[in-house]
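The values are calculated or read from the model by the stated rules, or taken from the named source; none is laboratory data. From a predicted model like this one, the values you see are computed outputs, not experimental measurements. Using ideal geometry, Cβ is built from the backbone for each residue, glycine included, and neighbour counts are taken over all protein chains shown. Areas reflect the complete protein model, heavy atoms only, side chains present, ligands, DNA and RNA absent. Shrake-Rupley method; radii C 1.70, N 1.55, O 1.52, S 1.80 Å.
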Amino acid sequence: MAQPILHVQGLCKHYKGVKAVDGVDMRLNPGDIYGFLGQNGAGKTTTIRMMMGLIRPSSGSVKLFGEEINGGDTVLRKVGSVIEYPGFYPNLTAIENLEIHRRLMGVKDKGALEDSLRTTGLWDARNRKASNFSLGMKQRLGIARAILHRPELLILDEPTNGLDPMGIKEMRQLIQELAQKRNITILVSSHILSEVEQLATKVGIIHRGVMLEEATMQELKHKNRQYIGLQVDDFAKSQDLLRDELGVRDCRLEDDGWLRVYDEGKQPSEMNRLLVREGIEVSSLVAMKDSLEDYFVRLVEGGAAHA
Ligand SMILES: Nc1ncnc2c1ncn2[C@@H]1O[C@H](COP(=O)(O)OP(=O)(O)OP(=O)(O)O)[C@@H](O)[C@H]1O
Ligand SMILES: [Mg+2]
């Protein structure tokens, strides 16, 4: 397996009487878009601050590109971040704000300014003062600043907070573009699963400082209840038929004895017709349509019950 870009192990941050982060493990592999999910106060920002060496962990470790960080590390140059609401000099323009950052980071290529502003859709607004920017524009300016030095890892803390549906969609597109066109590995936190569902390749769910689950999107889809379940008298033959005749790709016999089809857009009635026609006895057929959001809520409620 490739070396993880970010590896968090047993990370804890305890404040007086509050275990803000309590034994968190996370692993980001190259190319991941990692959705870091948790309700308000779950510990997302505290975890991210420790990743960036901004606060010291009570215990545990953060490794970036295989190197353990201790604050002031050069490896942090490979990382860009926007944590909570990004701050700017209000009386300076967008491009002036970025220029200050360019010098600070020692980025020699002046073309990086235009590149960052164009990527984030702010080139036309470059000469406007940051104080006149909308919330969505400020979030994008934060990203423009975070990618200026061409990081390999980008950490975005709730970039869609407070945005309207259009702004959320644009942010999603921007994140996707950064991952695909620039090959940046991305960690994006959110308290709304549906916001990262279409984007994330991997998800970590934190609740009251504890990581309840870390799984690839694929694994999560198998665990949640969005599938068509079948009870049949010949599993192997059914599996072959569904694959060959209906193009089903994701079909498994699960431990509980159900044959489950996880492909989206397949019709239960069509499956039933096919199997019966081929002489298979179908004793049960159910279509479960829980969304991932339902799964997230159930998981968090279960976590709350154990807390
Ligand atoms: N400096 C601090 N001193 C004391 N407690 C803190 C401090 N920073 C965070 N906490 C507490 O730690 C917990 C986690 O906070 P954190 O900001 O990391 O959550 P979050 O998941 O980012 O929440 P949100 O979605 O609201 O941004 C909260 O209970 C918070 O009150
Ligand atoms: Mg936060």
Given the -39500 (n - 2.57) contribution per DSSP H run of 4+ residues, what per-residue ellipticity at 222 nm results for the chain, rounded to the nearest 500 deg cm²/dmol?
-10500 deg cm²/dmol
Taking only pairs that are 8 or more places apart or on different chains, how many Lys pairs in the stretch 1-146 have Cα atoms under 29 angstrom apart?
21
What residues of the stretch 255-275 lie in the reach of a label at residue 244, counting those whose backbone N is under 14 Å from a point 7 Å from the Cα along Cα→Cβ?
275
Helix 94-105 axis, angle to the chain major axis (alpha carbon atoms, nearest 10°)
80 degrees
Karplus (6.51, -1.76, 1.60) ³J(HN,Hα), θ = phi - 60°, over the stretch 188-194, in Hz, Gly and Pro reported as x:
10, 9, 6, 9, 10, 4, 4
Percent accessible area from carbon and sulfur atoms, the chain, protein chains only, probe 1.4 Å:
46 percent
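More than 29 angstrom separation, counting every C-alpha pair in the chain; what % is that?
Numbers: 21613 of 46971 pairs.
That tail contains 46 percent of the Cα-Cα pairs.
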Which of 120, 160, 93 ends up with the largest GNM mean-square fluctuation for the chain, with Cα atoms connected below 10 Å?
93
Nearest 5 percent is fine: what portion of the DSSP beta bridges confined to the stretch 6-220 is antiparallel?
55 percent
Near the amide H of residue 210, under 5 Å away, which other amide H atoms are found, from residues 5 or more places off or on another chain, if H is placed in the peptide plane?
22
Looking at the square roots a ≥ b ≥ c of the eigenvalues of the Cα gyration tensor of the stretch 154-215, which shape do they give, rounded for a/c under 1.5, prolate if a/b is larger than b/c, or oblate?
oblate
For helix 165-182, report the angle its Cα long axis makes with the longest principal axis of the Cα atoms of the chain; keep it between 0 and 90° and round to the nearest 10°.
90 degrees
List the lysines whose alpha-carbon lies under 17 Å from that of residue 223, not counting same-chain residues fewer than 8 positions away?
202, 289
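What shape does the stretch 226-289 take by its C-alpha gyration tensor, where a ≥ b ≥ c are the square roots of the eigenvalues and a/c under 1.5 counts as rounded, a/b above b/c as prolate, and the rest as oblate? Walk me through the numbers before you get to the answer.
On the way: a/c = 1.32, a/b = 1.12, b/c = 1.18.
Taking the square roots of the gyration eigenvalues as a ≥ b ≥ c, the stretch 226-289 is rounded.
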With the Cα gyration tensor of the stretch 56-212 giving a ≥ b ≥ c as the square roots of its eigenvalues, does the rule (a/c under 1.5 for rounded; else a/b larger than b/c for prolate; else oblate) give rounded, prolate or oblate?
oblate
Per residue value of the accessible surface for the chain (all protein chains in place, 1.4 Å probe), Å²:
50 Å²
